[in-house]
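Since the structure comes first, as structure tokens, the remarks are kept for the end.
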Amino acid sequence: MSDGLSDLKNKWMDAREAQSLQMRSEESQKLVALSAKKLKLSIVEHVKTIVVLVLTCVGITLCFIYITPFKEVLSQIGMWLMQGALVLRIAVELYSIVLSSKIKFTDAAVKSNNMALRFYQFRKKVHGLFTLLVVLVYSLGFYLLTPEFLKYLDGTQVLLIDLSYLVGAVIFTFFIRLAIKKEMMVLDDLKALNDQMGEG
Amino acid sequence: MPNKETLFENLHKEYHPMVHQLCLGFLKGDNSLAQDLTQEVFINTWAALKNFKGAASYKTWIYRITVNTCLKFIRDAKKNQHLPLDEWNKTLVNTEPKSNSESNPYQPLYRAIGQLKEVDRLLIMMVLDGLEYGEIAEVIGIQLGNVRVKIHRIKKTLKNILQNE
């Protein structure tokens with residue numbers, strides 16, 4: 001095999017020589033510019049969920065203070081449950097960013113793969129029971145506002161608000177399921193790669 | 001000590017052919033995808049350059065970035081296409097441009113390497129590149145003995161593939 005391997009090595013080096021001649025090498029300055037652009041995109045990608053959650057949290061807080069200042073205890077509990085659920089979700093997203101920042105391209109492949117595995121295992125937990133719990137707590141908080149809504153709005157309007165919330169929750173659940181499916185596929189691949197790297 | 005831009009320019013100039021060939025072998029000779037992947041490797045290199053501590057040589061460091069970027073590239077590609085890894089690999093073979101295959105005399109070599117498992121592809125290409133087993137162990141992060149066993153097995157598999165081509 002050693003002769004076979006040296007033949008193969010020669011062929012490999014010849015192939016490099018051949019492709020080097022016809023290769024279009026990009027200018028490094030262009031790559032630097034692309035890198036800066038990509039870095040910005042990756043930051044946007046990381047923080048967009050947090051921005052949406054923070055804006056929602058701020059939005060409903062302002063709404064509770066200035067537009068619909070709820071008076072009843074039940075509504076106050078509802079308000080806190082909604083805000084609490086959002087704050088918890090923001091905290092989890094922030095931790096997610098910390099975990100993903102630990103996946104480094106400069107680490108050895110096994111370590112990098114293990115960090116990615118840890119990240120996706122965490123995402124699996126987040127998208128599973130935890131998200132369900134957050135949605136349930138948020139929804140409970142929302143429906144606790146209904147009795148006080150009924151004092152100021154007529155029954156049909158409140159029914160429409162409650163039903164539209166339900167539709168929103170169903171759509172949200174659908175997208176969460178899609179995200180879970182994608183991330184579970186990645187998790188399986190990472191496990192397969194881990195096995196490949198570990199097996200003799 | 002050169003500034004970051006000059007250092008990057010030198011690294012890019014020196015290692016571009018090596019990185020591009022590894023990407024080509026990893027992607028079964030698909031030149032267009034290999035160019036995208038090579039670009040991705042150097043974007044990651046630029047982003048990581050400020051944290052380079054000099055604990056490894058630039059060569060080993062760039063190999064690590066290349067290996068991790070290759071493994072992530074496949075993960076991202078199949079995530080976007082909603083395909084399991086095996087299916088994605090088949091897609092890659094089926095979409096291989098005929099003209100590329102016919103005009104490139106080294107295509108059978110890339111195709112043979114492409115039939116190996118992802119990690120095995122990267123390992124054998126590092127061997128063909130003349131890396132010492134110790135350096136390969138450092139890039140992948142496994143024991144030296146494990147590298148020897150793996151490479152012995154991969155050589156046998158590759159020999160069988162080439163004989164049956």
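The values are calculated or read from the model by the stated rules, or taken from the named source; none is laboratory data. Predicted model only: the values in this text are computed from it and were never measured. Here Cβ is always computed from backbone atoms with ideal geometry, including for glycine, and neighbour counts include all displayed protein chains. The protein model used for the area step is the full one, side chains on, heavy atoms only, and it has no ligands, DNA or RNA in it. Shrake-Rupley method; radii C 1.70, N 1.55, O 1.52, S 1.80 Å.
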>> Given R₀ = 41 Å, what would the calculated FRET efficiency be for B:GLU165 paired with A:LEU94, taking r from the Cβ atoms and rounding to 0.05?
In response: 0.20
>> Suppose the chain between B:THR60 and B:LEU144 were pulled fully straight at 0.36 nm per residue; how much longer would it get relative to their current alpha carbon spacing?
In response: 28.7 nm
>> Taking a virtual spin label 7 Å from the Cα of A:TYR152 along the C-beta vector, which residues in region A:50-79 bring their backbone nitrogen under 20 Å of it?
In response: A:56-79
> Buried accessible area for the A:B pair, summed, 1.4 Å probe, in Å² rounded to 100?
Replying inline: 5000
> How long is the gain from A:ALA169 to A:GLU27 if the chain were fully straight, where each residue apart is worth 0.36 nm and the alpha carbon distance is subtracted?
Replying inline: 46.2 nm
>> For region A:32-99, compute Rg over Rh where Rg is the Cα radius of gyration and Rh is the Kirkwood radius from the inverse mean 1/r over Cα pairs.
In response: 1.19
> When the accessible area of each residue in region B:119-136 is compared between its chain alone and the complete protein assembly (1.4 Å probe; ligands, DNA and RNA ignored), which residues differ by at least 20 Å², being lower in the assembly?
Replying inline: B:VAL119, B:VAL127, B:LEU128, B:ASP129
>> So if the hydrodynamic radius of chain A is defined as the Kirkwood radius over C-alpha pairs, what does Stokes-Einstein give as its diffusion coefficient at 4 °C and 1.567 mPa s, in µm² per second?
In response: 60
> Please state the Cα pair-distance histogram of the protein assembly as shown with 10 angstrom bins from zero: what percent is in each bin?
Replying inline: 5, 20, 26, 19, 12, 9, 6, 2, 0
>> Just checking the output field for B:10-23: average partner chain Cβ neighbours within 10 Å of each residue's Cβ?
In response: 3
>> Cβ neighbours within 10 Å, averaged per peptide: list A:129-141, B:14-26 in order, most packed at the top.
In response: B:14-26, A:129-141
> Which whole number gives the average count of other chain Cβ atoms within 10 Å of the Cβ atoms across peptide B:64-75?
Replying inline: 5
>> Output the 0 to 90 degree angle, nearest 10, between the alpha-carbon long axis of helix A:28-62 and the longest principal axis computed from the alpha carbons of chain A.
In response: 20
>> Name the residue from A:TYR152, A:SER42, A:VAL135 whose Cα lies farthest towards the positive end of the charge dipole of region A:37-190, charges +1 on Cβ of Lys and Arg and -1 on Cβ of Asp and Glu.
In response: A:SER42
>> What three numbers, in Å, describe the spread of the alpha carbons of region A:86-186 along their principal axes, ordered from the longest?
In response: 64, 23, 18
